[in-house]
């Protein structure tokens, strides 16, 4: 396994091993009542994200986040000079976010995908499904790490014990965003780095 200054090479990516092993993540919308990633960050929407959005927007627009009316891409996207971001609603949350009766922050794309028996990671923008992980750098030199400020959110905690090497929530994020083969290769690399021959 190729290790470069604390990073493990997997496919065309370098994975920040310390950062990922030090993260405990549990996506629980009931934790979002006071601070939600949907309200703090701008959600950049690339070309692939726009294709997914176009496919799922009609279903999502019938849910509370869509205000119960049909929306199109112009209703939810805003050009900011460097690309598209999702617009914010009057509460400062992503245009497609909505509050449940208990105050939880939910995503209408996520909810619509579940209603269609579709994995939410195939309906939502990649920056949403990746959270709190980050992806930086250019093609062939992409670095997988965690977002600065991730531990300011109640869904993320620092891990003291690093056994197993990846917390289940972090491993699920890797699997959903990069595939099971990537996760297996990363886990093998982490094990090898933790227990050298």
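Derivation of every value follows stated rules applied to the coordinates shown; laboratory data play no part. The shown structure was predicted, so the numbers you read here are calculated from the model rather than taken from an experiment. As a convention, Cβ positions derive from the backbone with ideal geometry for all residues, glycine included, and neighbour counts pool all protein chains shown.
Taking a ≥ b ≥ c as the square roots of the eigenvalues of the Cα gyration tensor, an a/c ratio of 1.5 or more together with a/b larger than b/c marks the chain as prolate.
Relative protection proxy for 6-13, 123-130, 164-171, from highest mean packing down: 123-130, 164-171, 6-13 (other beta-carbon atoms within 10 angstrom). Panel order for 155, 27, by other beta carbons found within 10 Å of each beta carbon, from fewest to most: 27, 155. Relative to the longest principal axis of the Cα atoms of the chain, the long axis of helix 180-194 makes an angle of roughly 40 degrees.
Under the shape rule built on the C-alpha gyration tensor, where the axes satisfy a ≥ b ≥ c, segment 21-85 is oblate, since a/c reaches at least 1.5 while a/b does not exceed b/c. A Gaussian network model of the chain, with springs between Cα atoms under 10 Å, assigns the largest mean-square fluctuation among 51, 24, 152 to 152. Taken along its three principal axes, the alpha carbon spread of segment 80-160 comes to 41, 37, 30 Å, from the longest extent down to the shortest. Give the angle, between 0 and 90 degrees and rounded to the nearest 10, that separates the Cα long axis of helix 168-178 from the longest principal axis of the Cα atoms of the chain. So the inclination is approximately 80 degrees. Roughly how tilted is helix 47-61, in degrees to the nearest 10 and between 0 and 90, from the longest Cα axis of the chain? Taking Cα atoms only, the helix is inclined about 50 degrees. If you bin all the Cα-Cα distances of segment 42-123 at 5 Å, starting from zero, the percentages per bin are 3, 16, 27, 28, 18, 7, 2, 0. The simple spin-label model puts a point 7 Å past each Cα toward its Cβ; for residue 11 and residue 152 those points are separated by 3.1 nm.
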